[in-house]
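All remarks here apply to the structure that follows.
Please treat every number below as a calculation from the coordinates, not as lab data. Here the structure is a predicted model, which is why all the values come from computation and not from measurement. Quick reminder, even Gly has a Cβ in these numbers, built from the backbone with ideal geometry, and neighbours come from all protein chains shown.
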């Protein structure tokens, strides 16, 4: 009995000294399979259904050492260019030999939008590709693509960043979203990620869906599955401004340093928290003229812009519903009922 006990103790000591088993010696996302220390590109195939097939580009940076899996997705709206270019830059810059853990990078989900220069929607089925998660393998192209990303990216990631920016009709200042779920540990982990990203304005979202089967948004699909995640926005009105691209690239590297995936500079924000995000929409068709600019402080009732008919007669004046900061304002003259004129972020305590 004594000899057996000694053997058990020695065996336990010996096995405890062994390195932990690698949970992901290889990582496969769509057609891309990477071994440790490799960077591999491929596609996430979306088979044809009631409409056309789609091949979504993906890169897998499988670090030389085990660690967390970070999912990065951009281009759900194919004319939010700065975020797409930022992830293209990260694909080039990340060296798997210097990474602990793995990074799944999807730089462009909505290829039809990008190719046809269609804001907000997928022109194949007319759907917003950030409103139909977790998707449906038997639906239209947007539904099937959302399903594929849920299975291939979200389910395989430990943390997720969803990248966006101002679309063609949005003159936007950079900001992030932090989703509050009520799970204290998860919310704190997500909060630390969004602080590490470093953008100075953070919208607190407390009204996102809670059902994983009806998560609606990409980031929320990760959140409802218990994965710390957030959304970052930079870029405006179809531009690719270097400062916006750098903000998204450097923010991601800072998050990776926070997660101990990479040796890089960590830049934690001392943010202005925005506890309300109020959208002012048009009620009429006409020509819009903005009277404020992105990042401007406004007072309650302040004029945001006005709408005239096609011979210059004023039809509508848009005003700020509360005091706050202009997160984005419409830069285009063309305007239809229901389209966004401006969005005001209201500061508060998270």
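Worth a mention:
- To the nearest ten degrees, helix 2-16 and the longest principal axis of the Cα atoms of the chain are 40 degrees apart.
- Exposure proxy ranking for 240, 118, 329, based on other Cβ atoms within 10 angstrom of each Cβ and starting from the fewest, stands as 240, 118, 329.
- Relative to the longest principal axis of the Cα atoms of the chain, the long axis of helix 242-258 makes an angle of roughly 30 degrees.
- Looking at the chain alone, DSSP beta bridges between its own residues are antiparallel in about 70 percent of cases.
- Tensor-based shape of region 115-197 (alpha-carbon gyration tensor, a/c under 1.5 rounded, otherwise prolate or oblate): oblate
- Whether region 26-270 is rounded, prolate or oblate, judged on the alpha carbon gyration tensor where a/c under 1.5 counts as rounded: rounded
- Region 276-347: C-alpha gyration tensor shape, a/c 1.5 cut-off, then a/b vs b/c: prolate
- With Cα atoms defining each centre, region 129-199 and region 219-289 are spaced 10 Å apart in the structure.
- Value of [θ]222 nm, deg cm²/dmol, for the chain, DSSP H segments ≥ 4, -39500 (n - 2.57) each, nearest 500: -7000 deg cm²/dmol
- Mean separation of Cα pairs under 8 Å and 6 or more residues apart, divided by the residue count, gives the chain a relative contact order of 14 percent.
- Degrees separating the helix 184-197 axis from the principal Cα axis of the chain, which is the longest one: 70
- Extension gain from residue 117 to residue 41, taking 0.36 nm per residue of separation minus the Cα-Cα distance: 24.9 nm
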